[in-house]
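Trainee: Attaching a single structure in structure tokens format; questions to follow.
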Amino acid sequence: MTRSEVTPSFRLAYVPGVTPTKWVRIWNERLPDVPLTLVAVPAAAACEALRDGDADAGFVRLPVDGADLSAIPLYTETTVVVVPKDHVVAAVDAVSAEDLADDIMLHPLDDTLVWESRPGRPANERPATTADAIELVAAGVGLLVVPQSLARLHHRKDLTYRPVADAPESRVALSWPEDATTDLVEQFIGIVRGRTVNSTRGRPPTPAQPKSKRPDTGGAQRKPAGGKPTGKNPRRASGGPKGGKRGKPRRRS
């Protein structure tokens, strides 16, 4: 098989917490002949996966590391604290960082939140992953602050979560290598941005068609060459005699 005969494909990376299902469905509807392969990557390794060519584009958490990657911010997530269901925090609708000052806070090595000053008291050790930290919360070792999508991803029946009002937020973006903006990457950008299948982006505008002119009839009624209007004699139309003079009335015998 020659290089030109290779079947095109598209590889899409995504970090934990991101659900690309909607965009993948639209891709499959619009480009059924181009298979899309999902590539799950840790948040810390997403940028390197794009640079190394492991994926054509990917959903990552900002900030993007390096100027060689393009990024389109998509949405911002609420930050929540994960607690056991019998914890005092479970009784309120939301908390502040100050409310967590007396609690032991777990800080996994794959954490993506950027704090100026982390709340609570630090644990003795840092868990390797968010999943490990969730297990420690369930064991009563401490609490965990994460983007809401990660709390949903690692949901357990014995845990719950509440928003942290003044915590830093996590932003999700679509990213790809700037020097590898292929036609397929542009197609996926259009899908993510909500362009319709009939979008004119990248297509020349359709030239306007000239309006057809109606034939000139020269008026509602044509005149003959003699200049007299055509049509029936008004007198005949009303039932009058043929001539211009009236006939004499007949005398009764």
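Trainee: Under a 1.4 angstrom probe, counting protein chains only, how are E98, E116, E77, E29 ranked by accessible area, largest first?
Mentor: Ranked from most to least accessible, the order is E116, E98, E29, E77.
Trainee: Accessible area per residue for segment 1-110 in Å², computed with a 1.4 Å probe and the full protein assembly in place, what is it?
Mentor: With the other protein chains kept in place, segment 1-110 gives 55 Å² per residue.
Trainee: Let me ask another. Rounded to the nearest 10 Å², what accessible area does D86 have for a 1.4 Å probe in the complete protein model?
Mentor: 140
Trainee: Turning to a different aspect of this structure: Given the protein chains as shown and a 1.4 Å probe, how many square angstrom of Y75 are accessible, to the nearest 10?
Mentor: The accessible area comes out at roughly 80 Å².
Trainee: Near R61, within a Cβ-to-Cβ distance under 13 Å, what is the net charge of the other residues, with Lys and Arg +1 and Asp and Glu -1?
Mentor: That works out to -4.
Trainee: Ignoring any ligand, DNA or RNA, what whole percent of the accessible area of segment 1-80 comes from carbon and sulfur when the probe is 1.4 angstrom?
Mentor: With neighbouring chains kept in place, the figure for segment 1-80 is 53 percent.
Trainee: Would you tell me the accessible area of H154, worked out with a 1.4 angstrom probe on the heavy atoms of the protein chains, in Å² to the nearest 10?
Mentor: In the full protein context, H154 sits at about 50 Å².
Trainee: Grab the Cα-Cα distance for S9 and D158, subtract it from 0.36 nm times how many residues apart they are, and report the gain in nm with one decimal.
Mentor: 49.4 nm
Trainee: Local charge sum around R171 (other residues, Cβ-Cβ under 12 Å, Lys/Arg +1, Asp/Glu -1)?
Mentor: With Lys, Arg at +1 and Asp, Glu at -1, the net is -1.
Trainee: Next question. Where Lys and Arg each count +1 and Asp and Glu each count -1, what net charge lies around R126 among other residues with Cβ under 15 Å from its Cβ?
Mentor: That sum, taken over residues with Cβ under 15 Å, equals -3.
Trainee: For D111, D179, write out the residues from largest to smallest accessible area, computed with a 1.4 angstrom probe and no ligands counted.
Mentor: D179, D111
Trainee: Please compute the Kirkwood hydrodynamic radius over segment 42-150, one decimal place, Å, based on all pairs of different Cα atoms.
Mentor: 15.6
The values are calculated or read from the model by the stated rules, or taken from the named source; none is laboratory data. Every value quoted in this text rests on a predicted model; they were computed, and no experiment measured them. Cβ sites come from the backbone with ideal geometry, for glycine too, and all protein chains shown count toward neighbours. Calculation scope for accessible area: heavy atoms of the full protein, side chains included, ligands and nucleic acids excluded. Shrake-Rupley method; radii C 1.70, N 1.55, O 1.52, S 1.80 Å.
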